[in-house]
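Please read the structure below before turning to the comments.
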Amino acid sequence: MDPHRLRNLRSPEQLRARLEGERQRRTTLSFYRYVRLTDVETLRHTLYQEWEALGVLGRIYLSQEGINAQLSLPTANLEAFRAALNTREAFAEVPWKIAVEDDGKSFLKLIIKVKKKIVADGLADDAFDVTNVGAHLDARTFNQKMEQGALVIDMRNNYECLIGHFEGAYLPKADNFRGAIEEVTKMLRAKEAQTDDQGARSVDPVIPASSREGRPTTAPEILLYCTGGIRCEKASAYLKHQGYTNVSQLHGGIIDYARQLKAEGLKSKYLGQNFVFDERLAERITDDVVSSCMQCGTKSDRITNCHEATCNMLLVQCEACATKYADCCSPSCREIHQLPIEVQRVWRKGRSTRSTKTKAVNDTDGLRQRIREEEELLTLNGTLHPELMDISPKPK
Ligand SMILES: [Zn+2]
Ligand SMILES: [Zn+2]
């Protein structure tokens, strides 16, 4: 089999049409497993053939350290897919999570990529035991421990926490996993120094403040969570390696938490929406709105990408601002986005298009400042892109 044929060769329009025309219902699910895999390239090609035949669409990462899969497939093929997974020891009985809010249109094509790691975490894994992970908690236990005062930490990136998070959780400002875990470690160390200080003053001045003894009884339990649970595997192992013994993690992440809430009628301590990495961008967990429009400041948790293709910045934007700025992040992007498509194409030549959905506006004040300045300039000059003079078709 020619491996070059084992990939998608259709255009996005064809793919969308294919999905829209499909009669069968689809289920969106995700799973991962840290497991040693060998001959990953060959495995990739075999899986592609097998899964394509089952109508699987999605994004799958394979590496020597395991598998990380987000996919959709015809609901009728769920059983066959489970059987296919079970024929391989590495994937046998791997727990999967089914998306709650789901129209089955999450993925357009099947992509299976061989990667160095299944999650790009930037950590030096050789330095610690990645299998020494924290205790896995179900939704009910997670809620109970929150009520008992555990310290809840969001292990996702800043843009993922924007539109929803656990009540009172620590939300890292970093936009990547490594940054987040470093920030969390720093925060924990600072907390510890505080506690040690107080302890030294009020309890026993003889014990040095830096003593590690007794910490497990005073330090609050640490609860970690992320989207699907996978990042907490690494994060909890890392924190344990750093000396924090009382670390637990939300099993199956927010995705499975939402499922358990429904199944068991539990009250959600997660507020708002769950950020997801497919076309939907978000999955609603509760009706709480925890964020504001980055442009005007009114309460909103409508997350979107700037429609100007070379910008593509993630932002929280209310409906009114979406209209005002033509689905763009700024007047400058709006001006380009509203040009005839041919002119946009010429303008884009030589500019790189950010295709990722993973960069978000992180300085709201800066954005608003920029919008004000651009509006002024626009009134003054009639354009924010003088370079357009050279490419715009001359008005007749
Ligand atoms: Zn707004
Ligand atoms: Zn923009």
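The values are calculated or read from the model by the stated rules, or taken from the named source; none is laboratory data. Nothing here was measured: the structure is a model prediction, and the numbers come from that model. Because the Cβ atoms are built from the backbone with ideal geometry, glycine has one as well, and the counts that use them run over all protein chains shown.
Quick rundown of the values:
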quantity	calculated
Filter result for Arg280 (at pLDDT below 95, basic (Lys, Arg) and under 16 Å from Asn143 (Cβ atoms))	no
Given (1) modelled with pLDDT of 80 or more; (2) more than 30 Å from Thr38 (Cβ to Cβ), number of the condition Ile207 does not satisfy	(1)
Near pairs, Cβ below 7 angstrom, 6+ apart or cross-chain, from region 305-328 (farther than 20 Å from Pro340 by Cβ) to any residue that is within 9 Å of ligand 2 (Cβ to nearest atom) and acidic (Asp, Glu)	none
Boolean, Ile336 is of a type in the set (Val, Ile, Thr) and without any contact (Cβ under 8 Å) to a residue 60 or more places away in the chain	yes
Filtered residues of region 265-292 (kept if touching a Ser or Thr at 6+ places or on another chain (Cβ under 9 Å) and basic (Lys, Arg))	Arg280
Condition met for Tyr48 (touching a strand residue (DSSP E or B) at 6+ places or on another chain (Cβ under 7 Å), of a type in the set (Ser, Thr, Tyr) and modelled with pLDDT under 95)	no
Ala139 vs. criteria surrounded by fewer than 20 Cβ atoms within 10 Å (Cβ to Cβ) and of a type in the set (Gly, Ala, Ser)	no
Single residue of Thr304, Thr323, Thr245 found to be over 25 Å from Asn158 (Cβ atoms), within 13 Å of ligand 1 (Cβ to nearest atom) and not small (Gly, Ala, Ser)	Thr323
